[in-house]
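The values are calculated or read from the model by the stated rules, or taken from the named source; none is laboratory data. Just so it is clear, the structure is predicted and the values come from calculations on it, not from any experiment. Here the Cβ positions follow ideal geometry from the backbone for every residue, glycine too, while neighbour counts run over all protein chains shown. Only protein heavy atoms, including side chains, enter the accessible area calculation; ligands, DNA and RNA are left aside. Shrake-Rupley method; radii C 1.70, N 1.55, O 1.52, S 1.80 Å.
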Number of protein chains: 4
Amino acid sequence: MSGNSFGRNFVVTTFGESHGPALGGIVDGCPPGLELSAADLQQDLDRRKPGQSRHTTQRRESDRVEILSGVFEGRTTGTPIGLLIHNEDQRSHDYSEIAERYRPGHADYSYEQKYGVRDYRGGGRSSARETAIRVAAGAIAKKYLAERLGIRIRGHLSQLGPWRPRGFDWEQVEHNPFFWPCAETVPELETYMDALRKSGDSIGAAVTVVASGVPTGLGEPIFDRLDADIAHALMSINAVKGVEIGAGFACVEQKGTEHRDPMTPEGFLSNNAGGILGGISTGQDIVARIALKPTSSIRLPGRSIDRHGAAVEVVTKGRHDPCVGIRATPIAEAMLALVLMDHTLRHRGQNAEVVPPIPAIPAEPRP
Amino acid sequence: MSGNSFGRNFVVTTFGESHGPALGGIVDGCPPGLELSAADLQQDLDRRKPGQSRHTTQRRESDRVEILSGVFEGRTTGTPIGLLIHNEDQRSHDYSEIAERYRPGHADYSYEQKYGVRDYRGGGRSSARETAIRVAAGAIAKKYLAERLGIRIRGHLSQLGPWRPRGFDWEQVEHNPFFWPCAETVPELETYMDALRKSGDSIGAAVTVVASGVPTGLGEPIFDRLDADIAHALMSINAVKGVEIGAGFACVEQKGTEHRDPMTPEGFLSNNAGGILGGISTGQDIVARIALKPTSSIRLPGRSIDRHGAAVEVVTKGRHDPCVGIRATPIAEAMLALVLMDHTLRHRGQNAEVVPPIPAIPAEPRP
Amino acid sequence: MSGNSFGRNFVVTTFGESHGPALGGIVDGCPPGLELSAADLQQDLDRRKPGQSRHTTQRRESDRVEILSGVFEGRTTGTPIGLLIHNEDQRSHDYSEIAERYRPGHADYSYEQKYGVRDYRGGGRSSARETAIRVAAGAIAKKYLAERLGIRIRGHLSQLGPWRPRGFDWEQVEHNPFFWPCAETVPELETYMDALRKSGDSIGAAVTVVASGVPTGLGEPIFDRLDADIAHALMSINAVKGVEIGAGFACVEQKGTEHRDPMTPEGFLSNNAGGILGGISTGQDIVARIALKPTSSIRLPGRSIDRHGAAVEVVTKGRHDPCVGIRATPIAEAMLALVLMDHTLRHRGQNAEVVPPIPAIPAEPRP
Amino acid sequence: MSGNSFGRNFVVTTFGESHGPALGGIVDGCPPGLELSAADLQQDLDRRKPGQSRHTTQRRESDRVEILSGVFEGRTTGTPIGLLIHNEDQRSHDYSEIAERYRPGHADYSYEQKYGVRDYRGGGRSSARETAIRVAAGAIAKKYLAERLGIRIRGHLSQLGPWRPRGFDWEQVEHNPFFWPCAETVPELETYMDALRKSGDSIGAAVTVVASGVPTGLGEPIFDRLDADIAHALMSINAVKGVEIGAGFACVEQKGTEHRDPMTPEGFLSNNAGGILGGISTGQDIVARIALKPTSSIRLPGRSIDRHGAAVEVVTKGRHDPCVGIRATPIAEAMLALVLMDHTLRHRGQNAEVVPPIPAIPAEPRP
């Protein structure tokens, strides 16, 4: 496999299956001297963890993370940080059906084709449960970026099926079970999700993540552009089918005079670029948006085949998220944090002596 | 910078500026025994090169590529392939204005902030001229994938500003200056582009790339998923602001029953997945779509600042593409080819012994 | 730090400090289908673990390893293998002295200069305790190489201070506490080591590792030559100050007619090359030898400085190996196994179609 | 192959065969603002180039390097530096014999086994001619290290067959054709080499390289230790069979009291460590020594086989170095420079905020 690491100078590697004994990971390259304890990681883990409301899977996991190395007397030492989360609620039920059949829209078939074998319990390695460690690792990056560089990373659900927010307020995001930035529309979402859950179907969603206070100069053209690495990071999240930066797909119908962001001595006047030009951060907010597909794990029967190629009907039992996008906000924030952290270390190494020859343009505020 | 390489086992590294003496690159990891000559690369280079119609930049470059190593007696030897393209039409005009001012929407500002210096002639390293070497390298990958694995990679313009094709025919794509799959609408595009060019403005576009005949099993979860690497590759192309796989952003409004692709003994019945499940290829066509912003290099004046932070008005002179999306089709094909080539070598190394335990499901045809 | 991973396609990443709660690691890229259990790893861990004789440190660690992921129903699945070993015998004594003083010849000073902080308990990350995870990971590689490719990796102590074996017998290596290939000289070593231990001093050693049954073609010139990667791997072991391949430093005084290994239809007639030509394996035994310095952790006082730069005298208390080379044999075997495993996957990916055009020359037997 | 890159943050990639049209390379990650011209590279290229005395190969190459990118108005821009050297003296003689036979001690056999094909002209990719680009790239690193960090990298021949210098003077090294630090013994070497050349045989050698003025803190444990990366770099040079750091193999017979380097407020009192402890630089001189085998390309007949496995006698014609170690000094310097440059960028990224809490110990002078 050998694809379980992310980053070059700040490297995160993860392991673990949905129904194995534990998930874990290693964060390699964290600068020394950062105050760090498991509590710093737990906050985001709790935002991601299942069972927080009736709108997500009812699997019960405390997702309590242990730091096994790399921290001494409350501060990072520069050595690798070992992370461990024990799985607690792996129900041992009968897997004989799922072992023999491929759920349509799932990784069952592709894993078996690739490896000739698969851990079918709860999706094994392909389960989004793996993202818990990403969130823990991302929390370390977030803390460093915030404390040392003043970078703030936030996210919110920006669409749930046909629903879009009618207003925008960052304050609301953490006060409802959807990471939704518009208090007014929350009841409508609640009603919609309740009906959806009853129907047995699932729905897609979009999540937006924003990094504020990013310095200019992050990103390594040509291939390791900041936007290319963000696309890589976000598309690696389970269920993501699309990534946009700034104006994103809307730029297809824009003219040059509309799209380009005017610069003034007081700062940029718009942010179609999403904070990145030529693959390098400009100091404006970095804005990315992802599309998450509706989960394929639904109770409604679907056509499929079994391991012998025969036609079968598949119904997914067990506990699943009717909208995986809801819990994706902290994961997307974590991945954006990992990219910015990695690029901060890379940029600083090569350009330690660069004294910006011009005053940085203050970025205009933008949600 | 250190971001000028792409791939892990099939590695492409490029160098060169828009107005320097030459562009070049190294393809490292090509299997031995592939018949190869410069002519194999020239075909795609000619599809990308400027000045092919009145709708692209009028810079005249023959883009003739030399193979300097790695090929012996007409076949690759397994050693690195050195590629070189001399720049021919670098007009030496007066750059004093662009040297002092940042073009809005351009990488001028971000490069200078990052490096403290920039080669302002024609955009230097940030110019899309760099993609010529990607196309040359991609042609090697395309040839290998076609000859050894039967994989075919094609692309087309799928939207130009507000225009979408009304029909679809792969045959038409190479018979008009837009890579447009619908003969009927070509005259409308011609008229639109002529008017746009006269107005001095530019327009965005979307390009779709498709790989057919891809075997199952390519892609390395978790972070090096096939879709994540495709997103990385495509977002690294100049002007790209969004990447979609399969249904892409449309999945946000889909239900699980709509999105998941049913499987039958005869194959998949739809392809919302875009040929990838769990980050691993399923054997269906791989389908990706990108959004390209309108070029910022336009004759119409824009607000900006100079190197001293003072407000200025900027007008871009010189020769530029009014729609950079038009020439992007061969570039996107090349990047998709590089990803598939890299993952073929990675997969084959780890899974040489895997005998697929079930018959591969034949993918249904899809444009 | 970001230097805690080894390999490209078969990647091992480790974490953990000498006196932290646990050591751990992730093996990423193991092919699927390999039968594997913790018992397979324990064998080599037991060969390395401390306290096996009076000639090594008396720290008591059972070094029991847990496999936390990547194995399902007794076979590897192709997903990352999580490994964990709890530390058991971290004596909590007073570290105030070592916290303030740098032991001469130790990493105390360099870690503090690099990171501005160090976990001084038992050497923290710089302790050779970290190699336990290497041995566990190497055992996986060894098993795969043996079962699938018929490669056998063995090692022995080839010099202990002034002592060299007077005879050679692989059978003897596992029947004495020194991995010594000559039964006759074992009593002399015992006497020597007993006297050394009493004196409070330590001694250097050399270890030789040999891989037999290696196929031709492993190694990726120019920089990732097989010998270069072996040198990297072996020099990364604590206390190693030199690495030789084949004839090694003896080649300095050899003539071309002596050094080059004649080839015959029956095989090579000698092995000065150590099984590698041009960075690629030839099918002969791969032979490497390393020099290990005497440990600096000795009871005899040495001159040093404290954290404030003042002159001090340092005496190392605690439990230490008087000859770290003795326990290095399984570590060196593990590192050689990791290199061969990684190169097997890399080679196989690129050269899957290469059918050797000539019969492989059978390698002559050589210890 | 995919092994033609070296470094992680300062990455050098090379291409080219002995008898192809050109050699080339890309240096990716050079910090911006460094004054640089081809002349800066030519100096070391001239030290390495063939035909400088009667004691090296008589192939005539001017080895004139072109910089094709990455430098603007005399300074590096942070973008990749493209390098090109045209081959000039590829004699086109009859290769039919070498095409069918494997020279003993050469890479002919291993390349053919690996790739199923080889460019046999002059050794193709396995020729040491490839090192010209390493020397050019290393010169960039050397210049940066010298100008920005005050690091000086030098090398000398430390043994030629049975001959060792009887005195030591850095001043002498550049004043004889051997990079020999002892004027008194040069005439003996001349006589020895003349006789050797006449005999048709070749001889091994050792080269020592030293870096002075290295700051503390370079090196990334565990696997990317500074010494491990130096071993990798030096062992990747053609013909190298052994690498030592500091005391090297002599440490095998040292006691702990002898080997450990005492520290005092005025600095270290010896340098058995070779400037590296725990894989991290200590501020002392970094000292490494390599063993180079005698070239196998000799006129004296040797036993071998042809491509069909039949026994043949091989005599190497053409122009060859009777002692490849002589020209290896600038190559070893270049590789050491590349390692230090790469680690400088890595260290600086992670530890930008570390203020060394203690005064650096001044390293004592040492050749």
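Observations on the structure shown:
- With contacts taken as Cα pairs under 8 Å and at least 6 residues apart, segment B:218-353 reaches a relative contact order of 28 percent.
- Computed accessible area, residue B:227, all protein chains, 1.4 angstrom probe, square angstrom: 10 Å²
- Between helix A:226-235 and chain A: long-axis angle, C-alpha atoms, 0 to 90°, nearest 10: 10 degrees
- Solvent-accessible area of residue A:112, all protein chains in place: 10 Å² (probe radius 1.4 Å, heavy atoms, ligands and nucleic acids excluded).
- Mean projected area of the Cα convex hull of chain C, taken over all directions, amounts to 19.8 nm².
- Mean separation of Cα contacts under 8 Å (6+ apart) over length of segment D:62-165, as relative contact order %: 16 percent
- Rounded D (µm²/s) - segment A:1-112, Kirkwood Rh over Cα pairs, Stokes-Einstein at 10 °C, 1.306 mPa s: 97 µm²/s
- For the set B:100, D:220, solvent exposure ranked by accessible area (probe 1.4 Å, protein chains only) runs largest to smallest as B:100, D:220.
- For segment B:137-188, average projected area of the Cα convex hull in nm²: 4.4 nm²
- FRET efficiency, residue C:307 to residue D:269 (Cβ-Cβ, R0 22 Å, nearest 0.05): 0.70
- Whole-angstrom gap from segment A:223-238 to segment D:135-183, using each part's C-alpha centre: 45 Å
- Taking a ≥ b ≥ c as the square roots of the eigenvalues of the alpha carbon gyration tensor, segment C:200-322 is prolate, as a/c is not under 1.5 and a/b beats b/c.
- Mean ellipticity per residue at 222 nm, deg cm²/dmol - from DSSP H runs of n ≥ 4 across chain C, formula -39500 (n - 2.57): -8000 deg cm²/dmol
- Peptide C:283-296 - average C-beta neighbours from other chains (10 Å radius): 4
- Projected label points at residue A:46 and residue B:37, each 7 Å from Cα along the beta carbon direction, are separated by 7.0 nanometres.
- Listed pairs C:241/D:143; C:49/C:293; A:49/A:142; A:114/B:143; A:198/A:317 exceeding 21 Å between Cα atoms: C:241/D:143; A:114/B:143
- Per residue, the average separation of C-alpha pairs within less than 8 Å and at least 6 apart gives chain A a relative contact order of 21 percent.
- When the residues C:198, C:49 are ordered by accessible surface, computed with a 1.4 Å probe over the protein chains alone, the sequence from largest down reads C:198, C:49.
- Position residue C:147, label points 7 Å along Cα→Cβ, spacing to each other copy in nm (shortest first, one decimal): 3.8, 4.5, 5.7
- Annotation: amide H-H contacts under 5 Å for residue D:277 (H modelled 1.01 Å from N, sequence separation of 5 or more, or interchain): D:282.
- Accessible area per residue (1.4 Å probe, heavy atoms of protein chains only) ranks B:117, C:209 as B:117, C:209, with the largest value leading.
- Three-way shape label, segment C:57-118, alpha-carbon gyration tensor, a/c 1.5: prolate
- Normalised by 2.2 N^0.38 Å, with N the number of residues, the alpha-carbon radius of gyration of segment A:147-265 equals 1.28.
- Of all chain C C-beta atoms, the nearest to the rotation axis linking C with B is recorded, alongside its rounded Å distance, as C:349, 2.
- Between 0 and 90°, nearest 10: helix C:131-149 axis offset from chain C longest Cα axis: 10 degrees
- Descending Cα extents along the principal axes, segment C:38-162, whole Å: 51, 40, 27
- Ascending list, in nanometres, of distances separating the residue B:75 label from those of the other copies (7 Å, Cα toward Cβ): 3.6, 5.1, 6.2
- Kirkwood radius for segment A:109-205, taken over all pairs of different Cα atoms as the inverse mean of 1/r, rounds to 16.7 Å.
- Label zone (residue A:183, point 7 Å along Cα-to-C-beta; backbone nitrogen cut-off 18 Å) within segment A:321-335: none.
- Crossing angle, helix D:186-199 versus chain D [Cα axis fit, 0-90 degrees, rounded to tens]: 30 degrees
- Per-residue mean of foreign Cβ neighbours for A:30-39 is 3 (Cβ atoms of other chains, 10 Å radius).
- Which of C:183, C:79, C:57, positive extreme of dipole for segment C:40-191 (C-beta unit charges): C:79
- Residue C:253 - accessible surface, heavy atoms, 1.4 Å probe, Å² rounded to 10: 100 Å²
- For segment A:22-64, the spherically averaged projection of the C-alpha convex hull amounts to 3.9 nm².
- The mean count of C-beta atoms from other chains within 10 Å of the C-beta of residues in A:63-73, rounded to a whole number, is 5.
- Placing a label point 7 Å from the Cα of residue D:300 along the Cα-to-Cβ direction, the distances to the matching points in the other copies come to 4.5, 8.1, 8.4 nm, shortest first.
- Over 16 Å [Cα-Cα, segment D:154-222], rounded percent: 54 percent
- Inter-label distance for residue B:53 and residue D:317, nm, one decimal - labels placed 7 Å from Cα along Cα-to-Cβ: 5.8 nm
- As a ratio to 2.2 N^0.38 Å, the alpha-carbon radius of gyration for the protein assembly as shown is 0.88.
- Normalised alpha carbon radius of gyration of segment D:109-158 [divisor 2.2 N^0.38 Å]: 1.73
- Dipole moment magnitude, nearest 20 debye, the protein assembly as shown about Cα centre, only Lys, Arg, Asp, Glu C-beta charged: 0 debye
- Long-range amide H partners of residue D:22 with built H, under 5 Å: D:17, D:87
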